[in-house]
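Please treat every number below as a calculation from the coordinates, not as lab data. Remember, it's a predicted structure, so these values are computed and weren't measured experimentally. In this analysis, Cβ positions are derived from the backbone assuming ideal geometry, glycine residues included, and neighbour counts consider all displayed protein chains.
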């Protein structure tokens, strides 16, 4: 059975790599190299630098600060939190899943003094969940306010979406999930010593630890994380704004925030390696809707990927050198939970 699971897992990872390569190749073929060369020669370098600095600082300052608010008791210093963030980006980029870095954070927190898995999991989950929630919230309110405008843009680009079909599919999947869940609960009650029952009991303990952590957390922490998250997304939006100006294109910052929200939502689909190709395709699609040329939209999307790769490389270097210094990874950093 384990052998079959391993084979299936390897095949799934190979499929993700193939999907990533096909998407990247297809997107890169859409770029007009002559126009790109002309833009790179004629574009304003200060705009490019300003956008790049804003995007980089959004990670170094605000994204690290958001994580630090949640785990500062365990990392003890902002610098250690920052290094942990970059290492997690390394795992996110090069593992066949976009949550590999979150797994590393959980293992790290468990190793520095937390006596259960529930607490590190919920701390890492909150960091990602609140970040995604704020961005999706911005996108949702934008969609409600500008619904008609978006439909017109989709129509103008021959990109109309059949929402009803997707809603029906989601409803069917949700009902199926509920039925399976009810059946599982009844099975657990009737087979107290079964593997499912033992797993369910462990899950109850795990969820209890998560609930305890949430109760112990001060409301000011939630507010701080929310505020920092909003600033983080705003900095990224302005970074993209200056990049877009560099390409002699125009777009509103609020429109960029919606594109970021849409990209984050689509990137949740686990169909490629680290969302490679999916993320860029979604971002380019969003920018095209708001008037950017196809070539420039795809180029900007891949410029953002280059920054992510840079973060991952920095994280990989830190990870490889972690044994040469304390860096928050030694036994000395352990404290009582």
**Request:** Take each of the peptides 120-126, 267-273, average the number of other beta-carbon atoms within 10 Å over its residues, and list them starting from the highest.
**Result:** 120-126, 267-273
**Message:** Just to confirm my numbers, what's the Cα centroid distance between segment 224-270 and segment 33-92 in Å?
**Reply:** 13 Å
**Prompt:** Using the Cα gyration tensor of segment 253-296, with a ≥ b ≥ c the square roots of its eigenvalues, what is the shape: rounded (a/c below 1.5), prolate (a/b larger than b/c) or oblate (neither)?
**Reply:** oblate
**Prompt:** According to a simple spin-label model (label point 7 Å from Cα along Cα-to-Cβ), what is the distance in nm between residue 30 and residue 18?
**Reply:** 2.3 nm
**Request:** Just grab the label-to-label distance for residue 307 and residue 230, each label 7 Å out from Cα along the Cβ direction, in nm (one decimal).
**Result:** 2.1 nm
**Item:** Label point distance in nm, residue 222-residue 148, each placed 7 Å from Cα along Cα→Cβ
**Value:** 3.6 nm
**Prompt:** How long is the gain from residue 271 to residue 41 if the chain were fully straight, where each residue apart is worth 0.36 nm and the alpha carbon distance is subtracted?
**Reply:** 79.2 nm
**Prompt:** Shape call for segment 1-141 from the C-alpha gyration tensor, a ≥ b ≥ c root eigenvalues: rounded (a/c under 1.5), prolate (a/b greater than b/c) or oblate?
**Reply:** oblate
